[in-house]
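As structure tokens, the structure follows; a few thoughts come after it.
Please treat every number below as a calculation from the coordinates, not as lab data. For clarity, every value in this text was computed on a predicted model and none was experimentally measured. Using ideal geometry, Cβ is built from the backbone for each residue, glycine included, and neighbour counts are taken over all protein chains shown.
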Amino acid sequence: MGRSGTKAARRALSFAYSPPGGDFVKRRLLPFALSLVVALGSLASYALGGPSDEKKVTLLYTTDIHGHFLPFVSVPTSKDADKAPKEKRTGGLAAIDAKVREIKASAGNPVFVFDSGDVMTGHPVCDLVQDGVVGAPLFKMMNAVGYDAWCIGNHDFDHGRANTAKLLELARFPTFSANLKIEGDPQLKVQRWQILEKGGVKVGVFGLMTEHLLEVVGREKVAGISVGSCAQAAREAVAALHSRCDVIVALSHCGSDEDVKLADQVSGIDVILSGHNHQPLKAALHGKTIIAEGTLRAAKLGRLDLTLKDGQVIAHKGQVLTIEHRPAEGELKTVLDEVDATLGKRLGEVLAKLEVAWKRDYHAESNIGDFFADAMRDHAKTDVAFLNAGGIRENLAAGNVTIGDVAEIFPFDNEIVTFELTGADLLQALEKNASAAAAREYGILQVSGVRYEWERHGKSGKVLKAEVGGAPLDPKRSYRCAAIDFIAVDQHAKYLGEGVVVSKLERLAVLMTSVAQDFVRSQGQKGPIRFESDGRMREKHGQP
């Protein structure tokens, strides 16, 4: 993949040190020839990018935005229970747009902005229709940010092939996927690979789609589309791009775990920017390939600075940038204002009427906890569901329930995941929850699908009996469970217990906020909601 280097200088050097002989040549022609070497060498170096032939380029990257264009809201912990800590807002496309402009102004070298797929699904904006295209605002936002390329992801087909074709027409940047096989109509504006050039730096880019596409998207939505081998497609891309560019970049929607395997199978890929498995990975070398996976939902911005020479990466520096929220400007502001005008009305949409106020409880069962734990279990179709009390941020008085109300109850970007627990581990998780209630040490888990009775022993809790789905809990069988990712992935030892094994974990790529809104709407269609706690976590009193 390397370039030939300073060939003109080497030819001049050969001529200078092969004179026909004689003192005249040594005294007069040799100095002249040496001067010629210097001059030609300088010209050759100038043509190839500088005295050292080195080039620098910056890659900025995101992945799995899932409609999340707004800033991420977090609340720092506080030891003062009476003082509510100030919310912190980071990420979102306005912040990314500002950071991209800042980096382009200061980098001093070409900057490329890439995305690794799944722009769609996960936020109400993904369902907005503009100009007959579902999700159009998202791609208008990406146009405004100035993305240079992306690879398509599985969720970008969620509104069907015809709508995907319209989204790709809206994009002012190319869409890549080297292993998608597309037949029939409508045609999709997808390229296998291309060389992008800025400031004299040529970046060869190709895309990859997970080979499991047909297992994670309804087949009717991708009719006429199949997926080939990632490794074979990557080999073909490298062969086509080899020696024609300074660096080869793969935009992959396969997951960084699969991309590590790909790097072992295919040589010649300099950088793989991964997406799909929602496991951010800071840029790191795997063999001769740099692999990085961006942070989902536009929460952070990945940055990779490369130093190139003779078609090789000779140095790299990877960063994951936390970006503070900033007001939108220019073209992006226009798009966001249009979305706000539409979504603002939608957030006021009445979903149901509430007859009994929802009131949360940090250390015990609550009616709002029961209701929304049921919502999660109903959506995931599992035996059991868990929802942390601390993730429920607001009470709600009786009266109308709007989309905006539910968004305030669940302001965080928590994704629903499913997993399996053995009956023995499920019992341990229930005892951990009972102990947390006894010690009042953190917001306990609200539950659905399981009922248990427990007794207090100082700051510990002991489960006396437990049922799942109306039958006694069986320690020897496995139970399918649902929870938000914060519980099952980030803090499972804290909430479920040390030694509890979370197996067969699957991410549903849907946020708790969305699930909650759908459930309130469906229950509201049956009439006013009157929901009381039902004693599914009952403490047996009178114990020491």
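Hand me the trypsin sites (Lys or Arg not before Pro) from region 365-406 located in a DSSP loop with no more than 12 other Cβ atoms within 10 Å, in residue order please.
K381
Look at the dipole of the chain built from charges on Cβ: of L426, Q491, F410, the Cα furthest out on the positive end belongs to Q491.
For the chain, the longest principal axis of the Cα atoms and the long axis of helix 256-265 meet at an angle of about 30 degrees. For G443, the residues whose modelled amide H falls within less than 5 Å of its own, excluding neighbours fewer than 5 places apart on the same chain, are G390. Could you state the number of Å between the C-alpha centres of region 153-231 and region 105-136? Between the Cα centre of region 105-136 and that of region 153-231, the gap is 15 Å.
If you take every DSSP beta bridge fully contained in region 82-213, what fraction is antiparallel? Give it as a percent rounded to 5. Antiparallel: roughly 60 percent of the beta bridges in region 82-213. Taking 22 Å as R0, compute the FRET efficiency from the Cβ-Cβ separation of K353 and D127 and round it to 0.05. Given R0 = 22 Å and the Cβ-Cβ separation, E is 0.40. At full extension, R219 and F531 could sit 108.5 nm farther apart than now, given 0.36 nm per residue minus the alpha carbon distance.
Amide H to amide H, with H built 1.01 Å from N, I323 comes under 5 Å of G91, L301, counting only residues 5 or more places away or on other chains. Rounded to the nearest 10 degrees, the angle from helix 7-16 to the longest Cα principal axis of the chain is 30 degrees. Given axes a ≥ b ≥ c from the Cα gyration tensor, I'd like to know whether region 215-315 is rounded (a/c under 1.5), prolate (a/b larger than b/c) or oblate. Here region 215-315 falls in the oblate category.
I'd like the FRET efficiency for A341 and R89, computed as 1/(1 + (r/R0)^6) with the beta carbon distance as r and R0 of 22 Å, rounded to 0.05. Kindly include the intermediate steps, with their values, before the conclusion.
Details: r = 21 Å, r/R0 = 0.96.
My answer for the efficiency is 0.55.
For E408 and R244, compute 0.36 nm times the residue count separating them, minus their Cα-Cα distance, and round to one decimal in nm. Numbers along the way, then the final one.
Working: separation 164, 0.36 × 164 = 59.04 nm, distance 5.22 nm.
Length difference between fully extended and current span is 53.8 nm.
Using 0.36 nm times the number of residues separating S226 and Q265, minus their current alpha carbon distance, what extension gain do you get? Please list the in-between numbers first.
Values: separation 39, 0.36 × 39 = 14.04 nm, distance 2.18 nm.
Here the answer is 11.9 nm.
Dividing the summed helix terms, -39500 (n - 2.57) for each DSSP H run of n ≥ 4, by the number of residues in the chain produces a 222 nm estimate of -9000 deg cm²/dmol to the nearest 500.
Residue-wise HN-Hα couplings along region 269-275, as the Karplus relation 6.51 cos²θ - 1.76 cosθ + 1.60 with θ = phi - 60° gives them from phi, are 8, 7, 9, 10, 9, 8, x Hz; Gly and Pro carry x. For region 229-335, the set of trypsin sites (Lys or Arg not before Pro) satisfying both a DSSP loop assignment and a count of at most 15 other C-beta atoms within 10 Å is given as R244, K288. Taking Lys and Arg as +1 and Asp and Glu as -1, the other residues whose beta-carbon sits under 11 Å from that of T422 total -1.
Listed by Cβ neighbour count within 10 Å, with the fewest neighbours leading, S256, S116, S460 appear as S460, S256, S116. When the Cα centres of region 336-400 and region 445-481 are compared, how far apart do they sit, in Å? Going from one Cα centre to the other spans 24 Å. Specify whether the C-alpha gyration tensor of region 118-245 places it in the rounded, prolate or oblate class, a ≥ b ≥ c being the square roots of the eigenvalues: rounded for a/c under 1.5, otherwise prolate if a/b is larger than b/c and oblate if not. Because a/c hits 1.5 or more and a/b fails to exceed b/c, region 118-245 counts as oblate.
Amide H contacts of T402: L351, each under 5 Å away and 5 or more positions distant or on a separate chain (H built 1.01 Å from N in the peptide plane; Pro and chain starts excluded). If both residues of a DSSP beta bridge must be in the chain, then about 70% of such bridges are antiparallel. This ranking places D270, D490 by how few other beta-carbon atoms lie within 10 Å of each, fewest first, which gives D490, D270. In terms of its C-alpha gyration tensor, region 348-540 comes out prolate, because a/c is 1.5 or above and the ratio a/b outweighs b/c. Using a cut-off of under 16 Å, list every residue of region 480-498 whose amide N is near the label point 7 Å from the Cα of R393 along the Cα-to-beta-carbon line. Answer for this model: 485-486.
Residues in region 501-515 carry Karplus couplings, in order, of 9, 8, 10, 6, 6, 10, 8, 8, 6, 9, 8, 4, 4, 5, 4 Hz; the curve used is 6.51 cos²θ - 1.76 cosθ + 1.60 with θ = phi - 60°, and Gly or Pro positions show x. 3J(HN,Hα) along region 393-400, derived from phi through the Karplus expression 6.51 cos²θ - 1.76 cosθ + 1.60 where θ = phi - 60°, amounts to 9, 9, 7, 9, 6, 4, x, 5 Hz, with x in place of Gly and Pro. Helix 93-106 and the longest principal axis of the C-alpha atoms of the chain enclose an angle of approximately 20°. Looking at region 467-544, the trypsin sites (Lys or Arg not before Pro) that sit in a DSSP loop and have at most 16 other Cβ atoms within 10 Å of their own Cβ are K476, R477, K526, R530.
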